[in-house]
1. Please enumerate the residues belonging to region A:176-197 that are part of a loop (DSSP other than H, G, I, E, B) and open to solvent by 30 Å² or more (accessible area, probe 1.4 Å).
2. Select from region B:186-219 the residues that are under 30 Å from B:R144 (Cα atoms), assigned to a helix (DSSP H, G or I) and not hydrophobic (A, V, I, L, M, F, W, C) and list them in ascending order.
3. Give the number of residues within region A:326-354 that are basic (K, R), open to solvent by 30 Å² or more (accessible area, probe 1.4 Å) and within 44 Å of the chain's Cα centre (by Cα).
4. Only residues in region A:117-129 that are in the same structural domain as A:Q93 (by TED's automatic domain parsing) and farther than 14 Å from A:Y194 by Cβ count as the first member; pair them with residues that are open to solvent by 40 Å² or more (accessible area, probe 1.4 Å) and among the charged types (D, E, K, R), Cβ under 7 angstrom, at least 6 apart or cross-chain, and list the lot.
5. Which of the residues that make up region A:485-496 are assigned to a strand (DSSP E or B) and either modelled with pLDDT of 90 or more or over 25 Å from the mean Cα position of the chain (by Cα) (or both)?
6. Are there any pairs with C-beta distances below 8 angstrom linking a residue in region A:484-505 that is not assigned by TED's automatic domain parsing to the domain that holds A:N469 to a residue that is among the charged types (D, E, K, R) and surrounded by fewer than 16 Cβ atoms within 10 Å (Cβ to Cβ), with the two at least 6 apart or on different chains, and if so which?
7. Are there any pairs with C-beta distances below 6 angstrom linking a residue in region B:328-344 that is touching a residue at least 12 places away in the same chain (Cβ under 8 Å) and within 14 Å of chain A (Cβ to nearest Cβ) to a residue that is among the charged types (D, E, K, R) and not in a loop (DSSP other than H, G, I, E, B), with the two at least 6 apart or on different chains, and if so which?
8. Would you point out the residue of region A:497-520, among those that are within 29 Å of A:F452 (Cα to Cα) and part of a loop (DSSP other than H, G, I, E, B), that is most open to solvent (accessible area, probe 1.4 Å)?
Amino acid sequence: MPAFRLKDAALETRLFHNRITATAVLVTLMTLGLVARLIYLQVLGHEHYAMLARDNRVKIIPLPPTRGLIYDRNGRILAENISVYSLEIVPEQVDDLAGTLEKLREVVDISDEEIQRFQRRLKRHRRFESVPLKLRLTEVEVARFAVKRPFFHGVDIRARLVRHYPYGELVSHVVGYVGSINESELKRLDPTEYRGTTHIGKVGVERAYETLLHGHTGYAEIETNAVGRELRVLKESPPRPGGDLHLSIDIDLQDIAYRGLGEHNGAVVAMEPQTGRVLALVSKPGFDPNVFVFGIGRKAYQELRNSPDRPLFDRTLRGRYPPGSTIKPFIGLAGLEYGVIDARKEIFCPGFYRLPGISHRYRDWKKWGHGSVALKSAITQSCDVYFYDLAHNLGIDRLHDFLSHFGFGRRTGIDLGGEKAGLLPSRDWKRKTFHQPWYPGETLITGIGQGFLQVTPLQLVKATAILANRGAVVTPHVAAYRVIDGKSSPLYLEEPETRLRLNPRHLRTIIDAMVNVVHGARGTARRIGLGLDYRIAGKTGTAQVFTVKQDEEYRASKVAKKLRDHALFIAFAPADRPRITVAVIAENAGHGGSAAAPIARRLIEHYLNHQQP
Amino acid sequence: MNSVIRHTYPAAPKSMWQRIHLDPVLLSGLVLLAGIGLAILYSATDGNVKLVYNQMIRMGIAFGVMTGVAQIHPRSFYRWSPYLYGIGILLLIAVLVFGDVGKGARRWLDLGIVRFQPSEFVKIFTPMLVARFLAQHPLPPQPRTLALAGLFVLLPVLLIAKQPDLGTAILVAAAGSAVVFFSGISWRILGGLIGAVLAALPVLWTQLHDYQRDRILMFLNPEQDPLGRGYHTIQAKIAIGSGGVWGKGWMAGTQAHLEFLPEPHTDFIFAVLAEEYGLLGALSLLILYLAIIARGLLMALQAQDTFSRLLCAGLTLTFFVYVFVNVGMVIGLLPVVGVPLPLISYGGTSMVTLMAGFGIMMSLHTHRKLVPS
């Protein structure tokens, strides 16, 4: 290579032109590359990116509806919405959530359980939605937080409406309560309807009429900027508040029944026999439904659950009791309808009954016996021997058939969930359950409402109403009508589902006997029959919890309270034109005539005095 | 001394433009660009009149600098270039030693009265020196010449990359390389060099700062961290894509105005344009840039000596690199590097440098010896 070379101007110019051309081509190609990319983004990808841009700026926030109110038959509020202050967090606006929670606990008292519940709620909400942390702040806590608020970005106090039950335990089982939506409910709920809702009806009317009470969630489309600040409302569809629900329950009757049970646990049901409107549905003890609204603590809940009095247990719908002697009017009617007995024919009651060829004595509650009794006096005095004999002559198959027409062994179909069917035994049932044949002795004790036979207080009222209605079968219900946007509409047709064809003469015999129970000189509930200008038809019952051994005597004082007999009473009034049917079960209260019947009388009296037909 | 640059008396009368040493075609392109820039800036800053006013003042200064530089005779550029380059290198070293730290990088030099980025000067001085150096040697350059020229480019690039300022380093490298490219370096050597650079990439990778590596990784897969480091790229793409063909209209871009788009008035202003004016607006701007580049290349073709043509073409190509890197970054073709969109992005320093470059081009063009055609 030469050490020195002369510049060649022509060559340089040619080279340079060459390079300029190359540059022009390169620049053009690269620019076309940019253009291709722009076309890809702006033409082909436009729809996709336009959607993303919209998602960026538009957030949809749910506007939860106000829950409908629940009233009793006289317009008294059983469930209302009151505003309380809650501590809420918008997760998106909090950088260090764990740290913020820690610091918040120094200002406001927050339990570990509330933190856990908050973490669960967190999963169900989007990052920009306000998630409640503590639901019920005291005024002191509100004030304490208000001072520290500048240090907690994304944390705020909000007033929200919370369910309140002014009557507390008095109607706890009927009205039920709302509680925080749990995981399994979340799966079955419509996510758009429940986007802004924190609570849902858990039991009772709150649950059964959830759809009506909840209403419809509205939505607002809100334009936001990158930091989530809401700039303006683009579109809004307001929520439709839940409908109000008017129950047939009368809070006064609830109160009378609840207080009437006194120290005893038990159940009281009152119903209008013609319409099926339930007037009182009391299960004692009740509980304070308000604690569930704010989220009951695990410990408090365990206490309620494990309490021997079982306050959470709805005895009216789920409690299964032997009906005892309250079954006798139905057995008596069966005997008449099947022609097994003549109402006037007397049998002799020596105080016990023996099946032919068997030495076992089936005892009467009255040790020395009732002497000669016909059907009416057997009901009035509640003679067991008469009904042992009758049951024996009827046989279990006819007993089962006849009682099933009165709704025993089947759910009544009330508009509340969780109802039990009770137990109406039969040969088939026993074979299936115990792989054993039916024994004649079992028929006898079925005849006096003991043994396998189990009924719920609600079934008892329904069956009594069929007697009161002279055969018409109604379905009980607690909801009377609903009010949506100021317009009320009834919820039930209130027509009998069927009508049993019963001989009116037979019915009259039985009802006369039941009137005698209250008004007759030897009636087992004659103490409540005084001073009335109408007549009550009733029947006492005493259900054994504890089986007394052969040749042993039952002495209430000797038996632990838990094993004492249940006192029962069924009634309707006025006997000739019934307007109210009642069933009372006072657990471990002893005799039906003394413990249960007075409650029924007070209910009947109050209702007939205050309600015009 | 190169004979081509000898002073000769003009043989033809000078036009008015030649007397004031400005190129009317290039000037009108730049003025148009500046006007568009202000309009977009107004929208990108959400109607911030103060910012737009600031930018107008800077534009005035930049155009003033351009006009001033255009008055300087090319001979002076040629003569001063080694000294200017040397001063530039010294300042870069000074920055590394005494410089102010801003945004985690040491880029600024504070002289008490003025605070400036020496790397900006180097953007001009480097191609100027390389053009002079190459013009002194027969072209195409011999390997030894080439190696030296490469060294002249590499020295400031490394110093700037050390600050670290990847964007400016790339631009300085592009400016120097462009001059070398126009000097007629053989395609074989060019190919070999590109190959060598590609081969050196893994080594370079280890030399990058964490945040620089992050940016490149993010560019390769922005969706892996949509709320963190990939946010810029994704939001810019959404802005551009949602603009569609016709755009959402001036001041109506939701991405820009609701703050989803980061840095909407500086590096990512092209996304605002594409969102509000759509594909048509973006294409129009690109065409305007191409027109300015075409004019620059034409001016280079008309230059009468090697120094002038190399410098003129080199500066023009650098201008294109600005546009390409910025737009490529905004539309997600290139990793995020801090390169502004010429005359549109808010910011003064780089605009002044850029306009000084155009001033040099105009000077080179209007100080030609006029030969009657």
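1. So the first thing to find is which residues in region A:176-197 are part of a loop (DSSP other than H, G, I, E, B), and the list is A:176, A:181-182, A:189-197.
Across region A:176-197, the qualifying residues are A:N182, A:D190, A:P191, A:T192, A:E193, A:Y194, A:R195.
2. If the condition is that a residue be under 30 Å from B:R144 (Cα atoms), assigned to a helix (DSSP H, G or I) and not hydrophobic (A, V, I, L, M, F, W, C), then B:R188, B:G191, B:G192, B:G195, B:P202, B:T206, B:Q207 are the ones that fit.
3. Step one: list which residues in region A:326-354 are basic (K, R), which gives A:328, A:344-345, A:354.
Adding the requirement that they be open to solvent by 30 Å² or more (accessible area, probe 1.4 Å) leaves A:344-345, A:354.
Checking the rest, the ones that are also within 44 Å of the chain's Cα centre (by Cα) come to none.
Count: 0.
4. Pairs found: A:R127/A:E92; A:F128/A:E92.
5. Of everything in region A:485-496, just one residue is assigned to a strand (DSSP E or B) and either modelled with pLDDT of 90 or more or over 25 Å from the mean Cα position of the chain (by Cα) (or both), namely A:K487.
6. Listed pairs, sorted by first residue: none to list.
7. B:I331/A:R37; B:G332/B:K237
8. A:R501
The values are calculated or read from the model by the stated rules, or taken from the named source; none is laboratory data. No experiment lies behind these values; they were computed from the predicted model shown. Here the Cβ is made from the backbone with ideal geometry for all residues, glycine too, and neighbour counts use every protein chain on show. Only protein heavy atoms, including side chains, enter the accessible area calculation; ligands, DNA and RNA are left aside. Shrake-Rupley method; radii C 1.70, N 1.55, O 1.52, S 1.80 Å.
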